[in-house]
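As structure tokens, the structure follows; a few thoughts come after it.
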Amino acid sequence: MAGVFDRLVGQEHVEAELTAAATAARGGDAGSRMTHSWLFTGPPGSGRSVAAVCFAAALQCTSDGVPGCGECQACTTTMAGTHGDVRRIVPEGLSISVGEMRAIVQTASRRPSTGRWQIVVVEDADRLTEGAANALLKVVEEPPERTVFLLCAPSVDPQDISVTLRSRCRHIPLVTPSVEAIAHVLRDRDRLDADTAQWAASICGGHVGRARRLATDEDARARRKRALALAGAAMRPGTAYAAAEELVQAADVEAKELTAGRDERETEELRTALGAGGTGKGAAGALRGSAGVLKDLERRQKSRATRTGRDALDRALMDLAGLYRDALAVSFGSTATSNHPDMAEHAADLAARTTRDGLLRCIEAILDCRAALDMNVKPKFALDALVARIGDEYR
């Protein structure tokens, strides 16, 4: 079996640094050689959360050889998400609340039960509320001797991670994997043919997981095609708003498909735990008295579905921005690598129908739409405003 760091794509410099750190961390009874807070940054798809989990496995590894063997029980359970001393915090809603973070910090302050370290991996640390970030900062400033925090965020920009929290962390920057590296993974690990692997790698924006979905999932390809078609629809008043509405509805459908099964399982498990179906004395009364618990679950499930839908829309908007960037490159005669090499004719048409300034304003409109969605503007209103602004550049 390959070592855990083999899961990283195009991040050789990160693998070397983390392996060295995990090796050094084996020395010292009180973990004095260990940095207790780490910040993994990188663009979407670079594998920042994968790197953090791989590092957690290397820290817990019980092999006598190089840490992160991928074969010992500590490595396999960490990678599977079942290690008793490794916790992955994956925000299911739009943010991580202060209450959630306080509970995490309290648990993380315990001594490890079976592993070398008590490790907390916080994915999407940019979703920490101000209160949650402050709660985390307190423990990061004075960490328990056997606790390690691994934070993941898009960048070190203050909008993604607070300056004070970032200053307490050792920074591990990841880069966007090359097209060649992604295509190699799809060929060797996923057994895809060379042409499909190369096509998916060239249009995924450096996101390995998305390349895999585009190569194997017809629905994923249809969603990308729908997002890019918005550029053409926005030039015609008769189709612009219908196309925007279709994109919003498609994101809602995708969110429901991704969350419905899990929601149903969670609800059934909670109802069973609360006594649903029981025949004993007081079972029905106990279930009626737990209506608040069920309502809280529904609230969390709704928040998760909202986030999933917003993430789907954000992917579509990034695809669209990439197309206008390609059009701008065409207008300048640039030979820069295209975001959508299979849409070259469409990009050339967009460039021919407006000015370079107009293309820049289209990109700005997409970025403003993303910001509006991040501020909880209703997707329909945000997308309608977007197609209106794009349409103005083509009239």
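Applying 1/(1 + (r/R0)^6) with r as the Cβ-Cβ distance of VAL253 and GLU12 and R0 = 51 angstrom yields a FRET efficiency of 0.80.
Of ASP311, ASP85, ASP392, ASP374, the residue with the largest accessible area leads and the full order is ASP374, ASP392, ASP311, ASP85 (1.4 Å probe). For VAL98, what charge total do you get from the other residues with a beta carbon under 15 Å from its beta carbon, if Lys and Arg give +1 and Asp and Glu give -1? Combined, the nearby Lys, Arg, Asp and Glu give +1. In the context of the full protein assembly, MET235 retains an accessible surface of approximately 30 Å², using a probe radius of 1.4 Å and ignoring ligands and nucleic acids.
Extent of region 23-160 along its three principal axes (Cα atoms, max minus min coordinate, largest first): 41, 32, 24 Å. Comparing GLU269, GLU298, GLU245 in a Gaussian network model of the chain, where Cα atoms under 10 Å apart are tied by springs, the biggest mean-square fluctuation is seen for GLU269.
To the nearest 10, the accessible area of THR306 is 50 Å² with a 1.4 Å probe. Look at the dipole of region 284-395 built from charges on Cβ: of ALA365, ALA305, ALA351, the Cα furthest out on the positive end belongs to ALA305. Its relative contact order, with pairs defined as Cα atoms under 8 Å and 6+ residues apart, puts the chain at 15 percent. The tail of the calculated P(r) for region 58-100 beyond 13 Å holds 57 percent of all Cα-Cα pairs.
Secondary-structure-derived ellipticity at 222 nm for the chain, considering helices only, amounts to -19500 deg cm²/dmol, per-run term -39500 (n - 2.57) for DSSP H runs with n ≥ 4. Within straight-line reach of LYS295, meaning a Cα separation under 25 Å, sit the following lysines at least 8 residues removed in sequence or on another chain: LYS256, LYS281, LYS378. Taking Cα atoms only, the orientation of helix 194-203 departs from the longest principal axis of the chain by about 80 degrees.
Rounded to the nearest 20, the Cβ-based charge dipole of the chain about its Cα centre (Lys and Arg +1, Asp and Glu -1) stands at 1000 debye. When the charge dipole of the chain is built from unit charges on Cβ atoms (+1 for Lys and Arg, -1 for Asp and Glu) and taken about the Cα centre, the candidate among SER49, TYR241, SER109 whose Cα reaches farthest toward its positive end is SER109.
Near ASP126, once Lys and Arg are set to +1 and Asp and Glu to -1 for all other residues with Cβ below 12 Å from its Cβ, the sum equals -2.
Surface listing: ARG48, ARG265, ARG356 arranged by accessible area from highest to lowest gives ARG265, ARG356, ARG48, probe 1.4 Å.
All alpha carbon pair distances within the chain were sorted into 20 Å bins beginning at 0; the resulting P(r) in whole percents reads 23, 52, 24, 1.
Using θ = phi - 60° in the Karplus curve 6.51 cos²θ - 1.76 cosθ + 1.60, the 3J(HN,Hα) couplings for region 238-252 round to x, 10, 4, 6, 5, 5, 5, 4, 5, 5, 5, 5, 5, 5, 5 Hz; x is entered for Gly and Pro.
Taking VAL175, VAL122, VAL163 as the candidate residues, the one with maximal mean-square fluctuation in a Gaussian network model of the chain, Cα springs under 10 Å, is VAL163.
Over region 181-223, the reciprocal of the mean inverse Cα-Cα separation, the Kirkwood hydrodynamic radius, stands at 9.8 Å.
Extension gain for the segment HIS171 to LYS225, taken as residue separation times 0.36 nm less the Cα-Cα distance, is 15.8 nm to one decimal.
Taking 0.36 nm per residue of separation and subtracting the Cα-Cα distance, full extension of the segment from PHE381 to ASP195 would add 63.0 nm. Surface composition of region 3-102: carbon plus sulfur atoms hold 50% of the accessible area, using a 1.4 angstrom probe and ignoring ligands, DNA and RNA.
The values are calculated or read from the model by the stated rules, or taken from the named source; none is laboratory data. Keep in mind that this is a model prediction, so the values were computed, not measured. Don't worry about glycine lacking a Cβ; one is built from the backbone with ideal geometry, like all the others, and counts go over all protein chains shown. Each accessible area value is taken on the protein alone, full model and side chains, heavy atoms only, with ligands, DNA and RNA left out. Shrake-Rupley method; radii C 1.70, N 1.55, O 1.52, S 1.80 Å.
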